[in-house]
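Worksheet: the structure to be examined is printed underneath.
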Amino acid sequence: MSNKSRFIHLIVGPALFLLCWLALPSSVFSSAESRAAIGTVLWMAYWWVTRPVDYAITAFLPMAVNALLPMTEMAPVIANYASETVLLLFGASIITVSWEETGLDKRIAAVFLRVIGDNVRSQLIFWFILSVLLSAVLPNSVVCATITPIAVAMLKYVGHNDIEKSKVGSLLLLTIAYAVGVGGLATPLGGAMNLVTVDYIQQLTGQEYMYANWVIKFLPIMIVLIVSNIIFLLVGTKRTDSLGGSKEYFEKEYRAMPRMSFEEWASLILFLVAMVLAFTRQLYKDILPGLKPAYVFIICAMLCFLINRRDGKRLMVWKSVQGRIIWEMLFIFAGGMAVGSLITGSGAAKAIGDYVAQMGVNGGIVAICIFIAVPMVLANVTSNTGAASVVVPIVISIASGLGQNPIPYIYAATIGVNLAYMLPTSIRAIPVGYGLSAQYMLKVGWKITLMTLILMTITGYLLMKYWPTFSA
């Protein structure tokens, strides 16, 4: 990027902020704080896409702008930079450094390549289905944080070291991010945003909500989502596209590797222990209420520094590890969550919801489209859970006011809450931290967003009209 272009991009960011702060209609955003929050989102999004400064620097904008022009309390904004999810990502990042130290990353990559093969289409389908299945019952952030480094290790093994410049590498990381969002919709256990929906439905009906009912109602939606998302990701890839090498080549490479060393076993076991404990939290939460997934990963990361090699030397020392931790990923994730705190705390999210409520929606397919689209937008600029907390009660009030059954519209909003594709906020910050370009994410994201919005609007309308179970 030339100095002139960089200067222009640097100026445009704050200019967008000022434009929103001064020019957004007060009839919608009555407070200056809410207008400033919207401006901060646009400023961050523009700098993330054009990249006049590093991603990590842009991630600190919510804190800096809120200090100059207070939009909400600073404490909840700052808390995002040391949240449990950030600690989880930090711990996972340290553990994966131990893979590099021991050579385990190459062994894992060789195993996956000899089993799945090097065909790009097969790889994309495998990682998508794996991520969907895991995120259906596990926290999205945990799934994305554990699956992404494995995929990155495989990509580096076959020579895709610069993810930003690798079309295959970028597409593979996008695949995981998309699949984690899609899988989260499959069951109430897919994320806290779904539990928000369950809570509101229970309040509305006065009855306990059975999780099995959720799975049944969303099954047709999940089928459409999985098939359409996979087709979208495969478009532009050829049947002959490969990661390099062949299945036979990787089989040969794997067999040529020496037996797993003690160091490899140790780093693998620590990662598996952290992952299993994170995924089985329900089994021991009453016995160890404080041992949340984030702290499991931190503890296992600390244990990596206690391991000695066969020759007596320490496997890992902080001086060499700190340069290989992906700090940028941590800050991007935190920045995305922080700007979400601004949107919620300033009242901007509620203002958007109130505006939708005044649009004169009369139900039917138009209402379903709006109730999916608005949460989609909010989920891109704030957290999925935050979007659910704001949108679901508004949907209930609108539908009830129109004399409509609110249940199908609540489900429509929940679809939108789970599906965010465009900006490197929330879990989408993780692949960006590993090298995926935010510009590429936006370029591909708006297309799949539009496709998904159309398909989900049609699917939701058909289910509401022709399948009574969906509205029950």
*In the structure shown, do any of 238/465; 167/319; 106/165; 4/443; 167/217 have a Cα-Cα gap over 29 Å, and if so which?*
238/465; 167/319; 167/217
*Taking the Cα atoms only, what angle lies between the long axis of helix 293-304 and the longest principal axis of the chain, rounded to 10 degrees?*
20 degrees
*Radius 10 Å from Cβ of residue 293, net charge of other residues (Lys, Arg +1; Asp, Glu -1)*: +1
*Mean projected area in nm² (Cα convex hull; one quarter of hull surface) for segment 1-131*: 12.6 nm²
*Going by alpha carbons, how many degrees (0 to 90, nearest 10) lie between the helix axis of 140-157 and the longest principal axis of the chain?*
40 degrees
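How high is the relative contact order of segment 362-472, in percent, counting Cα pairs under 8 Å that sit 6 or more residues apart? Each step should come with its number before you reach the end.
Numbers: 129 pairs, mean separation 36.9, N = 111.
It comes to 33 percent, rounded to a whole number.
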_Relative frequency of Cα-Cα separations exceeding 17 Å in segment 98-206, percent_ = 58 percent
*Just how large is the dipole of the chain about the Cα centre, in debye to the nearest 20, putting +1 at every Lys and Arg Cβ and -1 at every Asp and Glu Cβ?*
980 debye
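Residues with beta-carbon under 12 Å from that of residue 237, excluding residue 237: net charge, scoring Lys, Arg +1 and Asp, Glu -1? Can you show the working numbers first?
Details: positive: 121, 167, 238, 239; negative: 241.
Once positives and negatives cancel, what remains is +3.
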_Can you compute the helix-only [θ] at 222 nm over the chain? Use -39500 (n - 2.57) per DSSP H run of at least 4 residues, normalise by all residues, nearest 500 deg cm²/dmol._
-23500 deg cm²/dmol
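Accessible area of the chain with a 1.4 Å probe: how many percent of it is carbon plus sulfur?
On the way: 13160 of 20180 Å².
Summing carbon and sulfur atoms, their accessible area is 65 percent of the total for the chain.
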*Which order, highest average first, do 144-157, 252-265 follow once you tally other Cβ atoms within 10 Å for each residue and take the mean per peptide?*
144-157, 252-265
*What span do the alpha-carbon atoms of the chain cover on each of the three principal axes, reported in whole Å from largest to smallest?*
72, 53, 51
*Cα long-axis angle, helix 438-466 against the chain (0 to 90 degrees, to the nearest 10)*: 50 degrees
_For segment 388-444 and segment 13-29, distance of Cα centres in Å_ = 23 Å
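Near residue 35, within a Cβ-to-Cβ distance under 15 Å, what is the net charge of the other residues, with Lys and Arg +1 and Asp and Glu -1?
On the way: positive: 350; negative: 33, 354.
Neighbourhood net charge equals -1.
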_Protection-proxy order for peptides 104-112, 205-213, each taking the mean of Cβ atoms within 10 Å per residue, highest first_ = 104-112, 205-213
*Taking the Cα atoms of segment 176-258, report the difference between the largest and smallest coordinate on each principal axis, in whole Å and largest first.*
62, 35, 18
_So for each of 315-322, 12-19 I average, over its residues, the number of other beta carbons within 10 Å; can you give me the resulting order with the highest mean first?_
12-19, 315-322
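Kindly report the accessible area of the chain per residue (heavy atoms of protein chains, probe 1.4 Å, no ligands, DNA or RNA), in Å².
Details: 20180 Å² over 472 residues.
Accessible surface, normalised per residue, equals 43 Å².
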*For segment 198-345, what does the equivalent ellipsoid look like in terms of its semi-axes, each the square root of 5 times an eigenvalue of the Cα gyration tensor, given largest first in whole Å?*
38, 29, 20
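The values are calculated or read from the model by the stated rules, or taken from the named source; none is laboratory data. None of these values were measured; they are calculated from a predicted model. Every residue, glycine among them, receives a Cβ derived from its backbone with ideal geometry; neighbour counts consider all protein chains shown. Surface accessibility is based on the protein's heavy atoms, side chains included, excluding ligands, DNA and RNA. Shrake-Rupley method; radii C 1.70, N 1.55, O 1.52, S 1.80 Å.
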